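The structure appears right after this line, and notes come after that.
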Amino acid sequence: MDIDPYKLLGVGRRANLETIKRRHRELVMECHPDRCPGDEAAAARFKQIQEAFELLADPESRRVFDQTGERPSRVSGVERQQAMSLLARVLEAFINAAIQQRCDPTEVDVVAQMREALRGSMQDGRGKLDDLRARRDHLLAVAARFRIDGDADEMLAAIATAPVAQLEEQIRNFDLQMSTHERALTLLESRSFSVRHAARGAMGPTWTIGTSKRSI
């Protein structure tokens, strides 16, 4: 199910379980197979509504969807941990830079800075991916050109294609990195940074990452 379950059920993201249940009952009455026999479109919509309800009615599934934008079955624990580790590295780099520049990191929106850093890294990564793919494609084209004249040029073709395997591995690694960056960005969706200033004499300001709808 790729449709947003909230939109499908017509409820807000903060809707409580009772609201979700009530809306589910209303919608299934409109397209229930018993009321619409032989109607394939109604049957398909009924299935979508059931899937959306099952996702939002389960607290853990709903939490994973709210944080990742995907159904729990589509996001493995390893993938999520990789995205969380990436976010931790980005946040650490931001704080270290603020310390070196003698800036107060609590005076800026840290989440916005993290988004900017991730998007910049993704832009650089896509550029490197394009370069790697271009190199691979050129080498394969040269090898194909060598082979046009027959087996006599098979040696030159083999020389041309020798780096291709390494390039393919680099491309796969960059693709995985881009996927992790995209998941990390998804985890930051609908989040903003706010500060609770510590009381006088306390250790210092408290960092909090909330889930307000303020967009950046």
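The values are calculated or read from the model by the stated rules, or taken from the named source; none is laboratory data. Just so it is clear, the structure is predicted and the values come from calculations on it, not from any experiment. Counting neighbours? That spans all protein chains shown, and the Cβs are built from the backbone with ideal geometry, glycine included.
Observations, loosely collected:
Okay, residues lined up against (1) among the basic types (Lys, Arg); (2) over 17 Å from the mean Cα position of the chain (by Cα):
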{"position": "Gln82", "(1), (2)": "no, no"}
{"position": "Thr106", "(1), (2)": "no, yes"}
{"position": "Arg135", "(1), (2)": "yes, yes"}
{"position": "Val164", "(1), (2)": "no, yes"}
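- Residue ID - surrounded by the most Cβ atoms within 10 Å (Cβ to Cβ), chosen from residues in region 11-29 that are farther than 24 Å from Thr68 by Cα and out of contact with any helix residue (DSSP H, G or I) (no Cβ under 8 Å at 6 or more places or on another chain): Arg22
- Take the conditions (1) modelled with pLDDT under 90; (2) over 24 Å from Leu185 (Cβ atoms); (3) of a type in the set (Asp, Glu); Glu79 misses just one of them, which is (2).
- Criterion (over 27 Å from Leu187 (Cβ atoms) and of a type in the set (Asp, Glu)) met by exactly one of Glu30, Glu92: Glu30
- Inspection of region 41-62 identifies at least one residue that is in a loop (DSSP other than H, G, I, E, B), assigned by TED's automatic domain parsing to the domain that holds Arg25 and out of contact with any Cys (no Cβ under 8 Å at 6 or more places or on another chain).
- Scope region 79-94; condition surrounded by 13 or more Cβ atoms within 10 Å (Cβ to Cβ) and farther than 16 Å from Leu176 by Cα; matching residues: Val90, Leu91, Ala93, Phe94
- From Arg14, Arg25, residue being modelled with pLDDT of 85 or more, in a helix (DSSP H, G or I) and not small (Gly, Ala, Ser): Arg25
- Of all the listed residues (Leu55, Leu8), the sole one being hydrophobic (A, V, I, L, M, F, W, C), surrounded by 15 or more Cβ atoms within 10 Å (Cβ to Cβ) and over 25 Å from Thr180 (Cβ atoms) is Leu8.
- Counted residues, region 33-48 - those being surrounded by 13 or more Cβ atoms within 10 Å (Cβ to Cβ) and over 34 Å from the mean Cα position of the chain (by Cα): 3
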